[in-house]
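Please treat every number below as a calculation from the coordinates, not as lab data. It should be emphasised that the depicted structure is a prediction, and the values quoted were computed from it without experimental measurement. Using ideal geometry, Cβ is built from the backbone for each residue, glycine included, and neighbour counts are taken over all protein chains shown.
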Amino acid sequence: MNPRIKTAIDYIEKNYDKKISLKEISQISDLSTSHFCCLFKSELEMCFTRYLKLHRMKRAKNFLENTDLLIKQIVYQVGYRDLSNFSHDFRKIFGTSPSKFRKLSAFSKQVHQYEEEF
């Protein structure tokens, strides 16, 4: 992987909970925004904004499965500032709302625990 893109990915992983602009990430990578976009897409087969959104959703999924944080708290933990946008993106990626996902995850854990007992 290109070291400049690796730098961008490392930055995203450490700062996904903050606002990250294309201009900022390009500067961190020491590239122009257009060169960064082309290089990022050629390396990861998706644009920077899609990658950032997927990374945030992966973290949100983990919070929903493994914590008791309120959904509105998770929204801020993963870098969103609006519950509605978060819910829309979550539903688009995972096919269900965050609250239904959490309920299904909890049910699945209960079933798995029950199966282990027998």
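Side notes on the structure shown:
- Maximal additional length on extending the Glu45-Asp17 stretch stands at 7.8 nm, based on 0.36 nm per residue less the C-alpha distance.
- Overall form of region 14-65 per C-alpha gyration tensor (a/c, 1.5; a/b vs b/c): oblate
- Reported label for calculated percent of Cα pairs over 17 Å apart given [x] 60; [y] 70; [z] 53: [x]
- Each label was represented as a point 7 Å from its Cα along the Cα-to-Cβ direction; for Ser105 and Gln27 these points are 3.4 nm apart.
- Pairs from the list Lys6/Lys100; Lys23/Lys103; Lys41/Lys103; Lys23/Lys53; Lys14/Lys41 with a Cα-Cα gap above 28 Å: Lys6/Lys100; Lys23/Lys103; Lys41/Lys103.
- The separation of region 78-104 from region 1-17, counted between C-alpha centres, amounts to 24 Å.
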